[in-house]
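Enquirer: I am attaching a structure below and will ask some questions about it afterwards.
The values are calculated or read from the model by the stated rules, or taken from the named source; none is laboratory data. Here the structure is a predicted model, which means the values were calculated and not measured. No Cβ is skipped: glycine too gets one built from the backbone with ideal geometry, and neighbour counts run over all protein chains shown. These accessible areas exclude ligands, DNA and RNA; they are computed on the full protein's heavy atoms, side chains included. Shrake-Rupley method; radii C 1.70, N 1.55, O 1.52, S 1.80 Å.
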Amino acid sequence: PAPVKPPDGGWGWIVLLGCFVITGFSYAFPKAVSVYFKELMKDFHVGYSDTAWISSIMLAMLYGTGPVCSIMVNQFGCRPVMLIGGLLASSGMILASFTTNIIELYLTAGVLTGLGMALNFQPSLIMLGTYFDKRRPLANGLAAAGSPVFLSSLSPLGQVLLEKFGWRGGFLIMGGLLLNCCTCGAVMRPLDMGMKRKMEKTQDKYEAKEMLPIGGKSEEGISTTDGTKKAKKAKKKPKKGKKLLDFSIFSNRGFIIYTISKFILVLGLFVPPILLVNYAKDTGVPDTEAAFLLSIIGFIDIFARPACGMVAGLKWVRPHVAYLFSFSMLFNGLTDICSARASNYTGLVIFCVFFGISYGMVGALQFEVLMAIVGSQKFSSAIGLVLLIEAFAVLIGPPSAGR
């Protein structure tokens, strides 16, 4: 069947809001959990590297379970997968509040919550792609802004919860917050269902009119009802089996180039946010000022993502969006190279401003470019395979940079 035309608005704005919340939780939650690490180290008598594995496992699950998520979406659709994901993410954090050792934390907060967020993140991007076409770059930019917004709010909230309720109470409340993913999943209405309802309403009105005996129109009514019956019979024919994961995208040269470039990019993309604070402390910057550097990146990022999405949506930029993405990756790498010149706090602040801009540009454009390369029909398989390949880079990159 021919794909339904994206409405570029209407209910799409609610879908965009849901995608904003889920992107926020998916990217910010693994970083925000680090607020509890000092208390966990005291309670479980472990080192910093042991607790840091919680965030690493969460991110690895978010990226590595891409193909599994693609198969589930192709089999069951976006909404059911997202509702299950929301329940898994929430139950992971709730169970984590009752754990007695670090291994149990890896399995609950790491694996279970990470899997739940993965089952939410990917379908939300697929739904966003089905609801937006002309305004898709802007929609992707606004959805991507959820990451810095949630990072700047979840970290202070985690600190308040830790002080008032301890880490167990904090984990329990965080688990409750993650149930909002179920709400976001519930609003992801399949586009073809909405169109079917409209068609049925207009058909009912038409049949009601034809039922009225007005001369020769009754004969037309009979012929149209016969036609609709035949159409319904034709629709009842068994459908061909869907491909669970479409590997034919590897024959697309553009997709292969995109995957290689993203793998190389992700090796270094998360290094500055993870190592910057410790690096600043080593150069003699006070603790509070060092922590503020991450807030600068987050604040700049909030504005960079939607702005880049708007620029990418311009008529004369849209056909060349892949070049804009290439520029943003180059800009990000050059910013990192120039950071070696930062010998004092002012230099680090300037680096954070430029890194925030380039980081936001990459975040806003990455999925827009992927959809432009493979198309909306193969996007669910493409994003799953790309995220799986990126999972290895996420695991290798930061520890290698630390070495």
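Enquirer: Leaving ligands, DNA and RNA out of it, work out the accessible area of V394 with a 1.4 Å probe and give it in Å² to the nearest 10.
Expert: In the full protein context, V394 sits at about 20 Å².
Enquirer: Percent of accessible area on the stretch 146-192 owned by carbon and sulfur, 1.4 Å probe?
Expert: Details: 1370 of 2020 Å².
Carbon and sulfur atoms account for 68 percent of the accessible area of the stretch 146-192.
Enquirer: Shape call for the stretch 82-175 from the C-alpha gyration tensor, a ≥ b ≥ c root eigenvalues: rounded (a/c under 1.5), prolate (a/b greater than b/c) or oblate?
Expert: Working: a/c = 3.51, a/b = 1.75, b/c = 2.01.
Verdict is oblate for the stretch 82-175.
Enquirer: Could you work out how far the C-alpha centroid of the stretch 361-403 sits from that of the stretch 265-332, in angstrom?
Expert: Result: 16 Å between the Cα centres.
Enquirer: What nm distance separates the two modelled labels at L395 and F303, each placed 7 Å from Cα along Cα→Cβ?
Expert: The two pseudo-label positions are separated by 4.0 nm.
Enquirer: Let me ask something additional. Rounded to the nearest 0.05, what FRET efficiency do N344 and W11 have when you use their Cβ-Cβ distance and R0 = 45 Å? Show your work: numbers first, answer last.
Expert: On the way: r = 51 Å, r/R0 = 1.13.
Efficiency computed from Cβ-Cβ geometry: 0.30.
Enquirer: Okay, moving on. Based on alpha-carbon atoms only, what is the radius of gyration of the stretch 1-126 relative to the globular estimate 2.2 N^0.38 Å? Before the final figure, lay out the partial values.
Expert: Details: Rg = 16.6 Å, N = 126, 2.2 N^0.38 = 13.8 Å.
Taking N as the residue count of the stretch 1-126, the ratio is 1.20.
Enquirer: Roll a 1.4 Å probe over the protein chains and send me the accessible area per residue for the stretch 319-391 in Å².
Expert: Per residue, the stretch 319-391 has an accessible area of 41 Å².
Enquirer: Any idea what % of Cα-Cα pairs in the stretch 249-403 are farther than 19 Å? Please list the in-between numbers first.
Expert: Details: 6873 of 11935 pairs.
Counting every Cα pair in the stretch 249-403, those more than 19 Å apart make up 58 percent.
Enquirer: Tell me, in nm to one decimal, what length is gained between L157 and V317 on full extension, where the rule is 0.36 nm per residue of separation less the Cα-Cα distance? Please list the in-between numbers first.
Expert: Details: separation 160, 0.36 × 160 = 57.60 nm, distance 3.91 nm.
Additional length available on full extension: 53.7 nm.
Enquirer: Quick one: grab the alpha carbon gyration tensor of the stretch 44-89, order the square roots of its eigenvalues as a ≥ b ≥ c, and give me rounded if a/c is under 1.5, else prolate or oblate depending on whether a/b is larger than b/c.
Expert: prolate
Enquirer: Next question. 7 Å from Cα along Cα→Cβ at both S248 and L330: what's the point-to-point distance in nm?
Expert: Here the answer is 3.5 nm between the modelled labels.
Enquirer: Go through 359-366, 114-121, 330-337 and give me the packing order, highest mean Cβ count within 10 Å leading.
Expert: Numbers: 359-366: 26.2, 114-121: 27.8, 330-337: 14.9.
Per-residue mean Cβ counts within 10 Å order the peptides as 114-121, 359-366, 330-337.
Enquirer: For K31, K38, write out the residues from largest to smallest accessible area, computed with a 1.4 angstrom probe and no ligands counted.
Expert: On the way: K31 55, K38 155 Å².
My answer, sorted largest first, is K38, K31.
Enquirer: Using a 7 Å offset from the Cα along the Cα-to-Cβ direction at both A52 and V187, what is the distance between the two label points in nm, to one decimal?
Expert: Each label point is offset 7 Å from its Cα along the Cβ direction, giving 3.7 nm.
Enquirer: For the stretch 1-121, with all protein chains present and a 1.4 Å probe, just round the carbon and sulfur fraction of the accessible area to a whole percent. It would help to have the intermediate numbers written out before the result.
Expert: Numbers: 3520 of 4860 Å².
Whole-percent figure for carbon plus sulfur exposure: 72.
Enquirer: Taking 20 Å as the cut-off for C-alpha to C-alpha distance, list the pairs among K134/K315; K262/K315; K38/K281; K134/K262; K31/K378 that go past it. Could you put the intermediate results ahead of the total?
Expert: On the way: K134/K315 10 Å; K262/K315 26 Å; K38/K281 17 Å; K134/K262 25 Å; K31/K378 31 Å.
Pairs exceeding 20 Å: K262/K315; K134/K262; K31/K378.
Enquirer: For K134 and E39 in one chain, what is 0.36 nm times their gap in residues minus the Cα-Cα distance, to one decimal in nm? Display every interim value, and only then the final one.
Expert: Details: separation 95, 0.36 × 95 = 34.20 nm, distance 4.81 nm.
That pair, K134 and E39, stretches by 29.4 nm at full extension.
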